[in-house]
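Since every read-out is calculated from the coordinates, none of them should be taken as a lab result. Everything numeric here is computed off the predicted structure, so don't read it as measured data. Here Cβ is always computed from backbone atoms with ideal geometry, including for glycine, and neighbour counts include all displayed protein chains.
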Amino acid sequence: MAAGQLDIAHARIAAIATLQELLYRSTDLESVRLGQLVRELVGTFARIHGDIVHRVRFVFDLSDEIRVTEDQDGPLTLTVNELLINAVKHAFPGDRFGAITASARATMTGPPAQPL
């Protein structure tokens, strides 16, 4: 396995470990806050890829009101991790500088409306 592939595998394992740690510290094992999850994932990603924080700024406006259920948190964790890896790899290769931004807000509560 090449060094780059090992880095990606390490990032994936660290992302799942971050989710597990967040769930362990939580009083609600059925869901996690989206904002908190993403902030912790970015923190883990930045610790693994230390040079990134000097080149790439992470700007997130994610509501902690949005809860991610236990069925969603694993896939979402891996998706966020892959987005971070791909953004850094393709948008900021070498010595490029920039920012990664994301936002999410709850727009409705309850189940989706049924079609008429």
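The table below lists the values:
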quantity: Subset tally (residues that are within 14 Å of the chain's Cα centre (by Cα), among the aliphatic types (A, V, I, L, M) and farther than 16 Å from THR77 by Cβ) for segment 37-61; calculated: 1
quantity: Per-region count, segment 67-96, residues surrounded by 14 or more Cβ atoms within 10 Å (Cβ to Cβ) and in a strand (DSSP E or B); calculated: 2
quantity: Test: residue in segment 52-66 that is assigned to a helix (DSSP H, G or I), out of contact with any strand residue (DSSP E or B) (no Cβ under 8 Å at 6 or more places or on another chain) and loosely packed, with under 12 Cβ neighbours inside 10 Å; calculated: yes
quantity: Residue in segment 33-48 that is over 16 Å from ILE13 (Cβ atoms) and either touching a Gly at 6+ places or on another chain (Cβ under 6 Å) or of a type in the set (Ser, Thr, Tyr) (or both) present; calculated: no
quantity: Checking GLY35 against (1) touching a strand residue (DSSP E or B) at 6+ places or on another chain (Cβ under 7 Å); (2) among the small types (Gly, Ala, Ser); (3) not in a helix (DSSP H, G or I), the condition it does not meet; calculated: (3)
quantity: Within segment 1-25, tally of residues that are free of Cβ contacts under 8 Å to residues at least 60 places away in the same chain and within 22 Å of ASP61 (Cβ to Cβ); calculated: 3
